[in-house]
Each structure stands twice: as C-alpha cells, then as structure tokens.
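Student: One structure, as structure tokens, below. Some questions next.
FYI, it's all coordinate maths here, none of it is from the lab. Predicted, not measured: the structure shown is a model, and the values here were computed from it. No Cβ is skipped: glycine too gets one built from the backbone with ideal geometry, and neighbour counts run over all protein chains shown.
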Amino acid sequence: MQHVMTRKFLLLGALLAIALPHTVRAAEVRAAVAANFAAPMIELAELFHKQTGHTVVTIPGSTGKLATQIRQGAPFDVFLAADEAAPAALEAEGLTVPGTRFVYALGRLVLWSPVAGFVDANAAVLREGRFAKLAIADPKLAPYGLASQETLTRLQLWNAVVSKLVTGENVQQAYQFAATGNAQFAFVALAQVTVHGVVREGSAWIVPTNLHTPIRQAAVLLKSAKNRAAANAFLQFLKQPKTLDLLRQAGYEPADGK
C-alpha cells in the first residue's frame with residue numbers, strides 16, 4: 001500500500017512539474033536599457049513574465065554610461081541600447097554572445113514642450129530664438145542627444161543655440177528639464193511624450209528623419225549573463241508580432257519596416 005501511495009505522489013509531482021513550468025524554470029533577467037526605452041520596458045516585462053514566468057529587472061541609463069558599466073563588469077544579462085554602435089563595439093571587444101545582436105526598434109526624435117502651442121509644426125520657435133533654455137541629452141553619451149545635435153547642425157542653428165543648452169546625462173533627464181520648467185522645451189524620444197501616437201500634453205514637432213542619422217536601437221546578449229537561457233528568451237520575445245505592435249503604440253517603428 002505504501003509503495004502504491006509513493007508511486008501516486010511521484011506521479012502527482014511529475015504532473016505538477018509539467019503543469020507549472022513557470023514555477024520550476026523561472027529566472028531573473030537583468031536588462032541594461034537605454035533611458036528612452038525604460039517606460040515601454042514596464043509593459044514588455046509584464047507581458048514577458050506572463051508568457052514565461054521570467055522576471056526582467058530594468059537598469060536604465062544613457063547608452064554610453066551603460067556600455068562603460070558593462071566593460072567594468074556590471075552584472076547585466078542583456079543590453080538594449082539606443083544605437084547600433086555601442087553593442088557593436090562591445091561585440092568587437094568580445095563581451096557579447098556572437099550572433100545575438102539585432103535592431104529591435106527605430107526611434108523617433110521630437111522637440112517637445114509641456115506648454116500647449118509653444119512648439120509649432122515647423123519648429124520656427126528654434127529659429128526665432130525667443131527662449132531661455134533648450135534641453136538635450138548629452139551627445140557624447142546618448143544617441144538621442146547626438147541626433148539632437150545633428151538636427152540643430154543641419155538646421156544651421158547649433159552655434160546660435162549652444163549657449164542656451166541644458167544637457168542631461170540621458171534623454172529622460174532632458175525630458176525632466178522641460179517637464180519641470182528648467183527648460184522651455186527639449187529634444188526627447190517620441191515614446192516619452194505620446195500615447196498611441198498622440199502627444200499626451202503640451203506641444204511637439206516630430207523631427208524629420210532626414211535631419212539626423214537613423215536611431216537604430218540594437219539589443220544583444222552579454223557573455224556575462226548568468227541566466228543565458230532566460231535572457232535569450234527575452235531577446236526572442238522582442239521579435240514577436242505582439243511585441244512589435246506594442247512598440248508601434250509606444251512611438252517606435254519596427255526595424256524591418258513591417
């Protein structure tokens with residue numbers, strides 16, 4: 001009788017292991033994420049957890065600073081940058097898993113003010129110069145900052161506005177400068193100021209893509225990853241149709257144009 005009961009318990013345990021794979025296999029993925037992508041990551045992490053049971057811990061920052069931390073041995077599993085250059089450089093240095101780098105989204109730059117009507121449809125406010133401070137992310141650390149600098153340069157306005165610039169370490173800080181009134185407006189990521197493609201408050205000018213280098217945001221699996229299987233699963237999750245739909249709604253474009 002005891003032998004029969006033991007067999008029943010073993011069978012029940014096996015069935016539970018099959019029925020509850022999330023409990024058995026759940027792991028934590030530490031994701032170094034460019035500041036512009038921190039907000040979408042909240043929803044993506046929740047969806048990924050529901051699908052797999054894995055938890056994603058997001059560490060946001062400027063792409064340049066995160067890349068430096070990776071070189072210094074920071075315990076990250078994946079890197080979601082705001083450009084292709086930083087992940088490619090880490091790959092060349094042997095710090096990533098070969099064959100895992102890909103572009104997960106195309107970012108859009110926008111000139112935004114929390115004040116309605118302040119930014120016009122043609123960005124004439126930049127040319128008129130009737131403002132005290134304009135915020136941008138640091139061009140040396142943040143791809144969105146570099147795109148801002150390129151935009152102002154191609155508009156032949158860089159020299160005219162450089163003395164009025166307030167520089168944040170990343171694009172989230174640039175946004176905060178404008179949101180708190182420390183600058184009249186800021187160059188930020190479209191995803192930071194829109195909901196389902198509509199500017200949620202204030203006024204904005206979506207920068208034409210021909211005014212700056214395309215913001216091709218790349219992701220890669222790091223060799224330092226402790227939970228490589230879960231980390232790789234997250235990178236594959238970023239390529240799923242449902243994920244791409246969420247990115248469109250958040251203000252990004254899919255890398256493949258679909």
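Student: With the Cα gyration tensor of the chain in hand, give its eigenvalues times 5 under a square root as the equivalent ellipsoid semi-axes, listed largest first in whole angstrom. Don't skip to the end; give the middle numbers.
Tutor: Working: eigenvalues 360, 74, 42 Å².
Working from the Cα gyration tensor, I get semi-axes of 42, 19, 14 Å.
Student: Suppose R0 equals 51 Å; then what is the FRET efficiency for ALA26 and LEU211 from their Cβ-Cβ distance, rounded to the nearest 0.05?
Tutor: In this case the efficiency is close to 0.70.
Student: When the Kirkwood radius is taken over all Cα pairs of region 147-258, what Stokes-Einstein diffusion coefficient follows at 25 °C and 0.890 mPa s, in µm²/s?
Tutor: D, rounded to a whole number, is 148 µm²/s.
Student: Oh, and also: Just check region 109-206 against the gyration tensor rule for me: Cα atoms, a ≥ b ≥ c as the square roots of the eigenvalues, rounded for a/c under 1.5, and otherwise prolate or oblate depending on whether a/b exceeds b/c. Could the numbers behind the result be given before it?
Tutor: Details: a/c = 1.41, a/b = 1.15, b/c = 1.23.
Rounded.
Student: Using mean Cβ contacts within 10 Å as the protection proxy, how do 183-196, 103-116 order, highest first?
Tutor: Descending mean neighbour count gives 183-196, 103-116.
Student: Next up: Among DSSP beta bridges whose residues both lie in the chain, state the antiparallel percentage, nearest 5.
Tutor: The antiparallel proportion sits near 55 percent.
Student: Going highest first, how would you order 133-141, 206-214, 29-37, 246-254 by mean Cβ packing within 10 Å?
Tutor: Output ranking for 133-141, 206-214, 29-37, 246-254: 29-37, 133-141, 246-254, 206-214.
Student: Right, another one. Say R0 is 35 Å: what FRET efficiency, to the nearest 0.05, do ASP245 and GLN156 get from their beta-carbon distance?
Tutor: Working: r = 39 Å, r/R0 = 1.10.
Computed FRET efficiency for ASP245 and GLN156: 0.35.
Student: Counting Lys and Arg as +1 and Asp and Glu as -1, each charge on the Cβ, what is the dipole of the chain about the Cα centre in debye, to the nearest 20?
Tutor: Approximately 580 debye in magnitude.
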